[in-house]
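The values are calculated or read from the model by the stated rules, or taken from the named source; none is laboratory data. Worth saying up front: this structure is predicted, and the values here are computed from it rather than measured. Cβ sites come from the backbone with ideal geometry, for glycine too, and all protein chains shown count toward neighbours. Surface accessibility is based on the protein's heavy atoms, side chains included, excluding ligands, DNA and RNA. Shrake-Rupley method; radii C 1.70, N 1.55, O 1.52, S 1.80 Å.
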Amino acid sequence: MVRLLLADDHDLVRETIADFLRVQGGFVTEVANKFDAAISVVGKSTQFDLVLLDFQMPGMDGLTGLARMKAQARCPVAILSGTAPPDVARRALRAGAAGFLPKTLDPHSLIAAVHHMLVGEIYAPLDFLEEDAPIGECPRLTPRERDVLVGVSEGKSNKEIARDLDIQEVTVKLHLKTLSRKLGAKNRTHAAMLARDMGYA
């Protein structure tokens, strides 16, 4: 039985990805909500076949966290990220990451990527690595768009966000549409991932 460890501090993102890996991939998937917790999990007797680390979570400290986890886990370690630019992906791969998985990957590509890394191959989507996205560039959102995005990242419905912000539900939908376009978010869950990585949540 293949055992995976997924470490991501965003509850919605972590559980969504973990559930898919369990149900569709058939992998035994454990989770951790921060880097230190992930280190603690791999320090126990359980042997993992692959570790997936979110690049932006607390305690990760970028490539330093990658090196620490590689030494501790003694198995392939891959990086997950919603916003890291291609340059960061290249540096992670040069530093020994088993792969670099943008959170924009469609679910079935994620499963394929995991299988790829489990057999000792390095995974990185070529179309992503060929991009030249500016490092650190974040889309400019209005204050209200940021408020809506925070609500989405907390797993709230449009109705709940409208109540919290004292606006109409249709207005929430409009803000969600415009902010998703600015962020390049494919859906609500992807918007929540990007919100956390950009510091809006």
### Set 34/182; 156/186; 103/182; 103/173; 70/182; 156/182 screened for pairs whose C-alpha atoms are more than 25 Å apart
34/182; 70/182
### Query
List the trypsin sites (Lys or Arg not before Pro) in the stretch 28-108 that DSSP assigns to loop (not H, G, I, E or B) and whose Cβ has at most 12 other Cβ atoms within 10 Å. Which are they?
44, 74
### Task
Report the dimensions of the stretch 143-198 along its three principal axes from the alpha-carbon atoms, largest first, rounded to Å.
26, 19, 19
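Helix-only estimate, please: 222 nm mean residue ellipticity of the chain, summing -39500 (n - 2.57) across DSSP H runs of length 4 or more and dividing by its residues, to the nearest 500.
Roughly -15000 deg cm²/dmol at 222 nm, from the helical runs in the chain.
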### Query
Which length gain, in nm to one decimal place, applies between residue 1 and residue 156 when the Cα-Cα distance is subtracted from 0.36 nm times their residue separation?
52.3 nm
### Task
Please quote Rg/Rh for the stretch 3-129 to two decimal places, taking the Kirkwood radius as Rh and restricting both calculations to Cα atoms.
0.91
#### Entry: Potential lengthening between residue 47 and residue 173 on full extension [0.36 nm per residue; Cα-Cα distance subtracted]
40.9 nm
#### Entry: Rounded if a/c under 1.5, otherwise prolate or oblate - the stretch 17-87, Cα gyration tensor axes
oblate
### Message
As a test of reading the structure, rank 30, 121 by solvent-accessible area (1.4 Å probe, protein chains only), most first.
### Response
121, 30
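In percent, what relative contact order does the stretch 3-129 have, based on Cα pairs under 8 Å that are 6 or more apart in sequence?
Computed over the stretch 3-129, the figure is 21 percent.
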